[in-house]
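Here the structure comes first, spelled out in structure tokens, and everything after it is commentary.
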Amino acid sequence: MELRVLRYFIEVARTQNITAAAEHLHITQPTLSKQLMELEEELGKQLFVRGKRNTTLTEDGIFLYRRAQEIVELADKTRTALLSTEETISGDIAFGCGETPGMRLIIDVMKQFNDRYPDVRFHLYSGNDEDVSQKLECGLVDFGLFVGRTDLKPFDYIKLPESDVWGLLMRKDDPLAAHNVISPADLERIPLSCSRQALHSNELSGWLGHDFSRLEIISTHNLVHNAVIMVEAGMGSALTIAGLINTEGTELVFRPLNPPMTAELHFAWKKHRAFSGAGRKFLEFMQTQFRQKISAQ
């Protein structure tokens, strides 16, 4: 599979129209059709269902589309890395980020780095720890920010000098809103939305002192913002991290858990990763900045 043909395939999948894709790619429609047919012959799979107006993907086509995007993105990142030099630090640095106010620590460093090296571009990808870990392993991001318990064996990392605080997000008319803090007993038999990461890592069960059988978990989420909409609609409360949602001027309140439940933050990168000049310089910059922050505490 040639990268050029994969780019053709991605464009047709995106536009769902061979004529429109050919115009965008600046090639003729017969040439594009021939390339796609040869790709299908090479793979021995039908990738498209060709209609009068639209060209849609088959199940095999959907699988290839996802992989082709990753392949092309990785090839582009590799090319950019090779073009980057020590003399002129430029190029792209990609981050996989968990949901955490601690991201402000990273962004502060990014701002200082960008002031010094204005030709560097940053790309942020949000997700839970599983998403971030997968992108790090595949080389689709250079660095990842992990929240709470996670398997860091495949990575080198820096433990950041801050931790996140867990609590309960609820409506102001919820009876628990009158509490200053939320105990394990308070959570029993009330409708809850909880992050899948917290459930799978057993962070929450350790704090509760028992399994989840006493909890009425009505939904799970990997990112909290849709769970917030459910809380606003009266569909229970959400276990989440302080600072993710600004409750000021809303009908929502946040109360921390008691005893306190915190989540450590780790800035990580894949072991033995060959960085671009920009990535290597940023890692050195990060290590210097956080050695200073930690030693100052």
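Residues in region 137-142 carry Karplus couplings, in order, of 4, 7, x, 7, 10, 8 Hz; the curve used is 6.51 cos²θ - 1.76 cosθ + 1.60 with θ = phi - 60°, and Gly or Pro positions show x. Per-residue Karplus couplings for region 67-77, computed as 6.51 cos²θ - 1.76 cosθ + 1.60 with θ equal to phi - 60°, are listed in order as 5, 4, 4, 5, 5, 5, 4, 5, 5, 5, 5 Hz, Gly and Pro entered as x. The 1.4 Å probe gives accessible areas that order MET230, MET37, largest first, as MET37, MET230. For LYS45, the lysines whose Cα comes closer than 23 Å to its Cα, not counting residues fewer than 8 places off in the same chain, are LYS34.
Relative to the longest principal axis of the Cα atoms of the chain, the long axis of helix 29-43 makes an angle of roughly 70 degrees.
Ranked from largest to smallest solvent-accessible area, with a 1.4 Å probe on the protein heavy atoms, HIS123, HIS210, HIS272 come out as HIS272, HIS123, HIS210. Once the chain from THR56 to GLN112 is taken as fully extended at 0.36 nm per residue, the excess over their C-alpha distance is 15.6 nm. Given R0 = 22 Å, the distance between the Cβ atoms of THR288 and ARG104 translates into a calculated FRET efficiency of 0.75. Spin-label model, THR31/ARG67: points 7 Å from Cα along the beta carbon direction are separated by 2.7 nm. For VAL49, the solvent-accessible surface with a 1.4 Å probe is about 80 Å², rounded to the nearest 10. For the chain, the share of DSSP beta bridges that are antiparallel, to the nearest 5, is 55%. I want to verify the translational diffusion coefficient of region 1-149 in µm²/s; compute it with Stokes-Einstein, Rh as the Kirkwood radius over Cα pairs, at 10 °C and 1.306 mPa s. The Stokes-Einstein estimate is 89 µm²/s. Tell me the angle of helix 277-296 to the major Cα principal axis of the chain, expressed in degrees between 0 and 90 and rounded to the nearest ten. Computed tilt is about 10 degrees.
Cross-link partners for LYS281 among the lysines, with Cα-Cα distance under 25 Å and sequence neighbours closer than 8 places in the same chain left out: LYS77, LYS111, LYS135, LYS153, LYS159, LYS270, LYS271, LYS293. Close amide H partners of PHE48, meaning residues 5 or more places away or on another chain with modelled amide H under 5 Å apart, are THR58. Tally Lys and Arg at +1 and Asp and Glu at -1 over the other residues with C-beta under 11 Å from the C-beta of PHE122: what net charge comes out? So the surrounding residues net to 0. If exposed means no more than 15 neighbouring beta carbons inside 10 Å and the site is in a DSSP loop, what's the longest run of the chain without any exposed trypsin sites (Lys or Arg not before Pro)? Counting at most 15 other Cβ atoms within 10 Å as exposed, the longest clean stretch of the chain is 54-171. Can you give the translational diffusion coefficient of the chain in µm²/s, computed by Stokes-Einstein from the Kirkwood radius over Cα pairs at 37 °C and 0.692 mPa s? Approximately 147 µm²/s, per Stokes-Einstein.
For the chain, the share of accessible area belonging to carbon and sulfur comes to 50 percent (1.4 Å probe, ligands and nucleic acids excluded).
The listed residues ILE190, ILE218 rank as ILE218, ILE190 when sorted by accessible area, largest first, using a 1.4 Å probe. The residues of the chain present an accessible area of 54 Å² per residue when probed at 1.4 Å with all protein chains retained. The H on the amide N of ARG121, modeled in the peptide plane, is under 5 Å from the matching H of GLY91, ASP92, ILE93, each at least 5 residues off or on a different chain. Length, then width, then depth: along the principal axes, the Cα atoms of region 82-187 run 61, 31, 22 Å.
The values are calculated or read from the model by the stated rules, or taken from the named source; none is laboratory data. Note that this is a predicted model, so its numbers are computed, not measured. Cβ sites come from the backbone with ideal geometry, for glycine too, and all protein chains shown count toward neighbours. Side chains are part of the model used for accessible areas, which takes the heavy atoms of the whole protein and leaves out ligands, DNA and RNA. Shrake-Rupley method; radii C 1.70, N 1.55, O 1.52, S 1.80 Å.
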